[in-house]
Amino acid sequence: MQTLIIKAIQAIDHALTERETEIAELDRAIGDGDHYINIKRGVTVVQAMQAELLNVDADVALQKIGMKLMSTVGGASGVLIGGFFMAFGKHLNLACKQNSTYATVQIAAGFAAGVESIRQRGKAELGEKTMLDVLIPVAEMYTLMAANMSSNIDIAKALKLAATAGMLSTKDLLATKGRAAFLGERSKGHIDAGAKSCEVMIHAVCDSIGEGA
Amino acid sequence: MQTLIIKAIQAIDHALTERETEIAELDRAIGDGDHYINIKRGVTVVQAMQAELLNVDADVALQKIGMKLMSTVGGASGVLIGGFFMAFGKHLNLACKQNSTYATVQIAAGFAAGVESIRQRGKAELGEKTMLDVLIPVAEMYTLMAANMSSNIDIAKALKLAATAGMLSTKDLLATKGRAAFLGERSKGHIDAGAKSCEVMIHAVCDSIGEGA
Amino acid sequence: MKKLINQVDDILTESLAGFALAHQDLVSVFYEPNFVTRRKQSTNKVALISGGGSGHEPLHTGYVGLGMLDAACPGYVFTSPSPDQMLAAAEMVEANKGVLFIVKNYAGDVMNFEVAAEMLTCKSATVLVSDDVAVENSTYTTGQRGVAGTVIVEKCVGALAETGANLADCKRLGDKVNSRMASMGVALSSCTVPAAGKPTFDLADNELEMGVGIHGEPGRARQKMRDADLIVAEMVAALLKDLKAKQLCYSENNPQNISENISAIKEVLLLVNGFGATPQMELYLLFNSAAKLLQAAGITISRSLVGNYTTALDMAGASITICAIDAEIKKLWDAPVNTAALHW
Amino acid sequence: MKKLINQVDDILTESLAGFALAHQDLVSVFYEPNFVTRRKQSTNKVALISGGGSGHEPLHTGYVGLGMLDAACPGYVFTSPSPDQMLAAAEMVEANKGVLFIVKNYAGDVMNFEVAAEMLTCKSATVLVSDDVAVENSTYTTGQRGVAGTVIVEKCVGALAETGANLADCKRLGDKVNSRMASMGVALSSCTVPAAGKPTFDLADNELEMGVGIHGEPGRARQKMRDADLIVAEMVAALLKDLKAKQLCYSENNPQNISENISAIKEVLLLVNGFGATPQMELYLLFNSAAKLLQAAGITISRSLVGNYTTALDMAGASITICAIDAEIKKLWDAPVNTAALHW
Ligand SMILES: Nc1ncnc2c1ncn2[C@@H]1O[C@H](COP(=O)(O)OP(=O)(O)O)[C@@H](O)[C@H]1O
Ligand SMILES: Nc1ncnc2c1ncn2[C@@H]1O[C@H](COP(=O)(O)OP(=O)(O)O)[C@@H](O)[C@H]1O
Ligand SMILES: [Mg+2]
Ligand SMILES: [Mg+2]
Ligand SMILES: [Mg+2]
Ligand SMILES: [Mg+2]
């Protein structure tokens, strides 16, 4: 599983770099313009952890990634996404693994635990024009499909669709959390930067797993 | 003579306003861009002194103008041009007037005394790329023509020619006095702002006297 | 973008290094995690720690020193610092009386300080600064942004902590100052975040952004440029309206103070703060303009501060902060302070 | 042009009015003619009077107060003040020990102060500040321009005058400080004089003006934009070259000091001065860059100052001043000062 993580990180890095202008513009429009830089800084540092990550179990790897992201990304997204990985790793740590791999339901539940940590830290719900508008539907879809024993390929497809739908939904929402909330009505008409970057990252991971499958 | 002074001031004001861009650009190019504003501020204030000036003799009027210019124009030009009028007035004060008017030679000598005061205050000579490159030749021409008993119209024509020639001569000079001196070689190729404004003022006065003649 | 920098990634570290060298007598700077402490750490007092994205200098590093902060945690430009910075700073400066975090009200700052507070082993409290009235928060739950008034909170709480006051009292005072002040900013140009390389927003030659945030966030409205007196009149009106509402609200929470607080605003501290690219001449002109309005409203300006105290990189513009002061605040404001940016 | 002003003609008066209100405890402001004095005038000391065009704030008005200037005469923006201002100020602050004028070396300032000195009835002397090494004055007789080093002269002479030193001694010290310092500036953008309404000069997106003056006058060369370290290296090299030459020259005039002064520069005060629109982060970064070079050259930076101390309206850019200090200058620099802009 660690190699999957490494592959996923590389895929994320590549995908983010490709979408730099788009993501940066969104945070400039209704935020403070640093979201891309923040996320990219974190991913770059995590990329450099490869050796360290290959030597530990997946749950520990995720927690290490979370802590590193929390201390390098900064901003709202750093503490949220860092917390996501820490909670994800912690969940796996408590789950029973077989041959040091996890069942898909366990991974889905870990993902959901991560999303739940964002929800609690950010005190936000669906529809507040944040990254949660992507993450909550994706977590729900993941849990559902995992319970249905869907194939990895099908799961990847479904998660990508859910992510894109959630990302697009933020466009017409009124922001009530995050920096964009200060804009009131003026926040409408722009996609949320964090939602966009999460969508890009989820697509990248799904594609990299798809390839691997 | 006081009414001539008032007419001259009005003519100067009008002529300067018309040449604003040109004069301002010259000081922006090799100075600090305030020469037009400085001179204009002074002329505006002197315009407002009309009533006061009509009640005093010409020599006193010139001294009052000089003091007012010195305290409102500021910069290098204020102290120089203010000093010019103070010296001009002082010279007339010592000269004998007949029926409260002055002979042309006396006025020419007064003008020369004013120019001499600029020379002393500014420690500058002909060829240093300053207003003196206009004022010194004009003073010399004035003295000469007055001694020759030339007509006012001829004097006016000659002074205008001398002023323009002096002004144009500053273009290729290397500035060694005033703010432009700090530019060294980069000062070449631009007419000196103070030379230009003096030329404009001398033309205006000569034309207004020509009209009056 | 033209800036006097080397590599964009090194700006913060190189700038902190310069700050450390220039103020060796006042502060110590630590790296990875980045934080600034007083050169001589104080004992037996509540440790005051603030922090936030960089680019607002002198906020917060310039306010570390006797009578003000014990430590400051600078994040990257306009990016909130991370919990490891606050934890390392707290470990260094905590002196048995607990830690008070002073945090500007932005989701990122709030959450990062929250994580730090949860991980701290000593007792702690947090004062949230939310003085920016630009965004009226009718339907939104996020509250107002924290801007230049932060300096007043840090100065007054700093002075109180120096007297040996306990954590609860420092927290009370911080909340009190926050509840009695209001700020609003106006931008004539955008700032340019170094890593972004271009202006955060565009303003036409005849436009201003009324209510701009200190990160170049949009405010109330894009408006036509006009005379300073008219701009200031709109700002001061908004500030007074907010202050009156706030004072009522404050007294509700502190019933014993009702009589003092619901009365009209009589005495204020007036802060005119430059955003980074506005000449001092203009700041004093704005001060004059605001002072005339306050005096006409029967309000006495008994303390004042004019200058670049909470900046937004190279943004042209300024903010006005009015803080309704009482005897307690006045005394704390006047108390000695010795930091890189405030000193009396 | 966008500025936070009302009528262009009223900028100076309205700004002075704001300055007067904000610093009531420190200064008194007089109008027509315009000048600023200490609130409490001092007795039995040499009266220090400076002045110059406005737009360089806090220079000079921000330096009026105990330990520094007795009065300042602000001219219109970038236009030297007129003799009536200096005379009125001198009349107000002269205290039986004469008047020392501190004048930046510009034809306009020099001549206006000269007229004032001639008209003064008390004894007077003048210190001309000429620290800008940008323009090498081989063939020109005007000498170097006076820029940010003026702050150091005003601070040190201010401290000396406070001790009751006589006019000759104050003049000597001013000349000495001037002879031991060198400054150079760089601009990334032009300033805009309010009355002119447009930038004084144009710089392309990838250009800088090396050696720019504090009125936006051209300097040594228009250059390509590059890393701060490279820009600073060029500036520091020019400063050290000039300082070495100056020190020799100074010792020639003061034969008894030869041994002290021709020795290599060992200890300096390093001033990084913002021109008005440059963020503090960048100024500290420049300080770091310059400090590394000086340290590598075996020079100790024993005093430092970083901030907007001699500005050029809204120009982006900064200047570096190095002052070779000795025990006397160091003691005077450290002496207490209480002005709007410098306070310790
Ligand atoms: N309370 C919150 N809950 C969930 N997500 C949030 C919250 N606040 C902000 N975000 C997300 O963080 C993103 C902004 O991240 P970033 O720009 O890196 O931080 P900052 O806003 O501090 O500059 C927003 O686009 C939004 O998706
Ligand atoms: N020493 C001097 N002698 C004669 N004229 C001078 C001298 N110095 C400057 N000037 C004149 O003054 C003009 C500049 O005036 P102005 O722009 O009003 O003042 P400042 O240079 O102080 O901004 C120059 O163009 C030059 O003609
Ligand atoms: Mg952001
Ligand atoms: Mg000029
Ligand atoms: Mg941010
Ligand atoms: Mg000038």
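Every number here is computed from the coordinates shown, using simple stated rules; none is lab data. Everything numeric in this text was worked out from a predicted model, so none of it was measured. Ideal geometry is used to build each Cβ from the backbone, glycine not excepted, and the neighbour counts take in all protein chains shown.
From largest to smallest, the equivalent ellipsoid semi-axes obtained for the stretch D:268-327 from the alpha-carbon gyration tensor read 22, 12, 7 Å.
Starting from the label point of residue A:54 at 7 Å along Cα→Cβ, the same points in the other copies fall at 9.9 nm, in ascending order. Compactness of the stretch A:1-98, taken as the C-alpha radius of gyration over 2.2 N^0.38 Å, stands at 1.12. Distant-in-sequence amide contacts of residue C:126, defined by a placed amide H-H separation under 5 Å and a gap of 5 or more residues or a different chain, comprise C:101.
Going by neighbour counts of Cβ atoms within 10 Å, the residues C:61, D:13, D:311 line up, fewest first, as D:13, D:311, C:61. Just so you know, the Rg over Rh for the protein assembly as shown is 1.04, from Cα atoms, with Rh as the Kirkwood radius. How fast does the stretch C:192-237 diffuse by Stokes-Einstein, in µm²/s, taking the Kirkwood radius from C-alpha pairs at 20 °C and 1.002 mPa s? Translational diffusion coefficient: 182 µm²/s. Phi angles across the stretch B:50-56 convert, under the Karplus curve 6.51 cos²θ - 1.76 cosθ + 1.60 with θ = phi - 60°, into 3J(HN,Hα) values of 2, 4, 4, 6, 5, 8, 10 Hz, Gly and Pro given as x. Ordering D:342, C:59 from the fewest to the most neighbouring beta carbons within 10 Å gives D:342, C:59. For chain A, set up a Gaussian network in which alpha carbons nearer than 10 Å are linked by springs, and say which option among A:35, A:190, A:14 fluctuates the most. Of A:35, A:190, A:14, the Gaussian network model singles out A:14 as fluctuating most.
On C-alpha positions alone, give me the angle between the axis of helix A:152-169 and the longest principal axis of chain A, in degrees, nearest 10. So the helix axis and the longest Cα principal axis differ by about 10 degrees. Note on the stretch B:55-153: percent of Cα-Cα distances in each 5 Å bin, starting at 0 and stopping at the bin with the largest distance, equals 3, 15, 21, 22, 20, 13, 5, 1, 0. Set against the 2.2 N^0.38 Å expectation for a compact globular protein, the stretch D:115-235 has a Cα radius of gyration ratio of 1.31. Using only side-chain charges placed at the Cβ, +1 for Lys and Arg and -1 for Asp and Glu, the dipole size of the stretch C:60-123 relative to its Cα centre rounds to 180 debye. Our coupling estimate for the stretch D:27-38, obtained by passing each phi through the Karplus curve with A = 6.51, B = -1.76, C = 1.60 and θ = phi - 60°, is 9, 10, 10, 10, 10, 6, x, 7, 7, 10, 10, 5 Hz, Gly and Pro reported as x.
Projecting the Cα positions of D:211, C:310, C:216 onto the charge dipole of the protein assembly as shown (unit charges on Cβ atoms of Lys, Arg, Asp and Glu, taken about the Cα centre) puts C:310 furthest along the positive direction.
For the stretch A:112-127, 3J(HN,Hα) computed residue by residue from phi via the Karplus equation (6.51, -1.76, 1.60; θ = phi - 60°) reads 5, 5, x, 4, 4, 5, 5, 4, 6, 5, x, 6, 10, 10, 4, x Hz, glycine and proline entered as x. For the rotation carrying D onto C, the chain D residue whose Cβ lies nearest the axis, with the distance in whole Å, reads D:277, 2.
One equal scatterer on each Cα of the stretch C:16-120, no solvent, Debye formula: the resulting log10 I(q)/I(0) at q = 0.11, 0.16, 0.19 Å⁻¹ is -0.27, -0.59, -0.85. Averaged over peptide D:185-194, the number of partner chain Cβ atoms lying within 10 Å of each residue's Cβ comes to 3. The DSSP beta bridges internal to the protein assembly as shown are antiparallel in roughly 55% of cases. Restricting attention to chain C, close to 55% of DSSP beta bridges with both partner residues there are antiparallel. Note on chain C: Cα convex hull, mean projected area over all directions, 16.3 nm². Charge dipole of the protein assembly as shown (Cα centre as origin; +1 on each Lys and Arg Cβ, -1 on each Asp and Glu Cβ, all else neutral): 1220 debye, rounded to the nearest 20.
How far is helix A:75-94 tilted, in degrees, relative to the longest principal axis of the Cα atoms in chain A, given as a value from 0 to 90 rounded to the nearest 10? It works out to around 20 degrees.
Among D:45, D:97, A:123, A:129, the ranking by other beta carbons within 10 Å of each residue's beta carbon, starting with the fewest, stands as A:123, D:97, D:45, A:129. For the stretch B:123-213, rounded, prolate or oblate, judged on the Cα gyration tensor with a ≥ b ≥ c (square roots of eigenvalues), a/c < 1.5 rounded, else prolate if a/b > b/c? Prolate, since a/c reaches 1.5 and a/b exceeds b/c. Across the identical copies, the label point of residue D:205 (7 Å from Cα in the Cβ direction) is separated from its matches by 1.9 nm, in order from shortest. A dipole drawn for the protein assembly as shown from +1 and -1 charges on Cβ atoms has a positive end, and of B:175, C:99, C:164 the residue lying farthest that way is C:164. For the stretch A:95-137, applying the loop criterion from DSSP together with a ceiling of 12 other beta carbons within 10 Å to the GluC sites (Glu not before Pro) yields no site.
Here, P(r) means the percent of Cα pairs in each 10 Å bin from 0 to the largest distance; for chain A it is 9, 36, 39, 14, 2, 0.
Mean per-residue shielding of peptide B:76-84 is 5, counting Cβ atoms of other chains within 10 Å of each Cβ. Selection among A:51, A:65, A:38 by position relative to the dipole of the stretch A:1-73 gives A:51 as farthest towards the positive end (Cβ unit charges, Cα centre).
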